[in-house]
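Report on the structure given below.
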Ligand SMILES: Cc1cc2nc3c(=O)[nH]c(=O)nc-3n(C[C@H](O)[C@H](O)[C@H](O)COP(=O)(O)OP(=O)(O)OC[C@H]3O[C@@H](n4cnc5c(N)ncnc54)[C@H](O)[C@@H]3O)c2cc1C
């Protein structure tokens with residue numbers, strides 16, 4: 001049996017990834033090249049990301065990577081269904097994320113993270129453009145949406161896909177202990193971590209395609225959102241990460257700052273080896289590859305093995321006593337300082353902003 005492939009990103013893609021995420025420009029702006037157009041594709045592959053708050057999450061980026069791969073295998077074009085509520089801005093550029101076509105329905109139905117009202121838009125896209133395959137992320141929202149669409153179509157979705165050919169999908173079964181091959185199903189859910197996000201490649205056309213849906217009033221209603229304990233969020237899914245290296249000595253201060261910020265805790269291999277943080281908090285090639293909106297790196301030198309783990313981070317803030325540290329070059333904001341007083345001040349200000357509540 002072949003083990004599920006874990007994707008390893010090339011740290012050299014970091015600059016391009018930052019540029020895609022709206023960070024500092026890459027050395028060679030991809031816009032200088034003419035967009036790649038596919039005028040007569042051999043069908044469409046439709047990607048349906050969650051797009052919470054108009055952004056691509058780490059899971060959405062993997063989904064785009066998988067959809068791009070499949071579209072290229074089939075000689076097709078990648079269409080992105082990027083529906084959103086009218087008041088929500090699109091916070092990324094589809095043409096930099098591999099999209100040849102973009103369906104941009106604006107509807108209040110997208111305001112809440114509910115699968116039920118989104119079904120109508122996916123069905124409308126199927127009806128209007130007959131994509132050969134439709135891919136969803138295996139997230140609470142994307143997973144439910146995929147299963148609802150599959151049920152409406154009377155089809156069996158391909159769940160836990162860890163690779164595909166033009167004819168077959170290989171699926172993880174039995175909690176990843178086995179694999180199964182199936183003729184490529186129309187509805188596909190890639191396994192988390194199995195496909196690399198797009199961090200390079202040409203600028204695509206991103207041609208807009210019209211789409212209207214007629215969502216039924218949902219039976220479910222979102223009553224309230226419960227606060228999530230950042231300590232329980234898998235690092236790969238965390239939006240805000242406070243990360244420590246050997247330059248951190250005040251561990252109580254570090255934990256206080258993470259709680260006050262509502263950030264997930266992480267660290268370099270050195271601090272995990274020393275037992276300050278558990279192994280599942282290690283970022284890097286031999287730890288977790290993360291894709292937060294913001295990565296706060298305190299006292300981390302920026303060894304290549306660590307930087308490879310943050311290639312897809314949107315923004316990096318580094319605090320380091322050494323201005324020449326590699327992490328300071330990687331950072332969008334570099335602060336030359338002792339980590340301990342900055343952590344204490346961060347905790348104080350974050351607590352103040354939350355009205356004196358520590359954490360939560
Ligand atoms: C095969 C292999 C795999 C590896 N995988 C990983 C991995 O997955 N993840 C990983 O992280 N590493 C990994 N490593 C280890 C990696 O090479 C580095 O040793 C490690 O990342 C360094 O951790 P660090 O930056 O915390 O410590 P150091 O390199 O010791 O850096 C400490 C930093 O803190 C700064 N500093 C010191 N005092 C202060 C202060 N008071 N305030 C502010 N800054 C201060 C210093 O200037 C320095 O930049 C791997 C190594 C190998 C060989």
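Couple of notes before you dig in:
- None of 236, 266, 220 is in contact (Cβ under 8 Å) with a residue 24 or more places away in the chain and part of a helix (DSSP H, G or I) except 236.
- Residue list for the range 165-188, restricted to those being over 23 Å from residue 71 (Cβ atoms) and part of a loop (DSSP other than H, G, I, E, B): 174, 175, 176, 177
- Of the criteria (1) more than 26 Å from residue 93 (Cβ to Cβ); (2) out of contact with any helix residue (DSSP H, G or I) (no Cβ under 9 Å at 6 or more places or on another chain), which one residue 278 fails: (2)
- Selection of strands (runs of 3 or more DSSP E) fully inside the range 291-340 by the criterion of at least 3 residues being farther than 25 Å from residue 198 by Cβ and more than 8 Å from the ligand (Cβ to nearest atom) returns 333-336.
- In the range 246-264, the residue that is surrounded by the fewest Cβ atoms within 10 Å (Cβ to Cβ) out of those that are within 16 Å of the ligand (Cβ to nearest atom) and within 25 Å of the chain's Cα centre (by Cα) is 264.
- No other residue among 51, 106, 46 is out of contact with any helix residue (DSSP H, G or I) (no Cβ under 9 Å at 6 or more places or on another chain) and either at pLDDT 85 or above or buried (at least 20 other Cβ atoms within 10 Å of the Cβ) (or both) apart from 106.
- For residue 243, the conditions (1) farther than 17 Å from residue 299 by Cβ; (2) within 15 Å of the ligand (Cβ to nearest atom); (3) touching a residue at least 24 places away in the same chain (Cβ under 8 Å) all hold with the exception of (1).
For (1) touching a helix residue (DSSP H, G or I) at 6+ places or on another chain (Cβ under 6 Å); (2) farther than 23 Å from residue 285 by Cα; (3) in contact (Cβ under 8 Å) with a residue 24 or more places away in the chain, each residue gets a yes or a no:
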site: 298; (1), (2), (3): yes, no, yes
site: 317; (1), (2), (3): no, no, no
site: 325; (1), (2), (3): no, no, yes
site: 328; (1), (2), (3): no, no, yes
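- For residue 211, the conditions (1) surrounded by 19 or more Cβ atoms within 10 Å (Cβ to Cβ); (2) outside any loop (DSSP other than H, G, I, E, B) all hold with the exception of (2).
- Residue in the range 264-275 that is closer than 24 Å to residue 355 by Cα and either touching a strand residue (DSSP E or B) at 6+ places or on another chain (Cβ under 7 Å) or at pLDDT 95 or above (or both) present: yes
- Here residue 248 does not qualify as under 21 Å from residue 193 (Cβ atoms) and in contact with a helix residue (DSSP H, G or I) (Cβ under 8 Å, 6 or more places away or on another chain).
- Taking the range 61-85 as the range and being farther than 18 Å from residue 149 by Cα, part of a loop (DSSP other than H, G, I, E, B) and touching a helix residue (DSSP H, G or I) at 6+ places or on another chain (Cβ under 7 Å) as the test, only 85 passes.
- Output for the range 114-164, where each listed residue is part of a strand (DSSP E or B) and over 16 Å from residue 83 (Cα atoms): 133, 158, 159, 160, 161, 162, 163, 164
- Residue 267 falls short on exactly one of the conditions (1) within 12 Å of the ligand (Cβ to nearest atom); (2) within 15 Å of residue 313 (Cα to Cα); (3) surrounded by fewer than 23 Cβ atoms within 10 Å (Cβ to Cβ), and that condition is (3).
The values are calculated or read from the model by the stated rules, or taken from the named source; none is laboratory data. Note that the coordinates shown come from a computational prediction; the quantities given were computed from them, not determined experimentally. All Cβ positions, glycine included, derive from the backbone under ideal geometry; neighbour counts span all protein chains shown.
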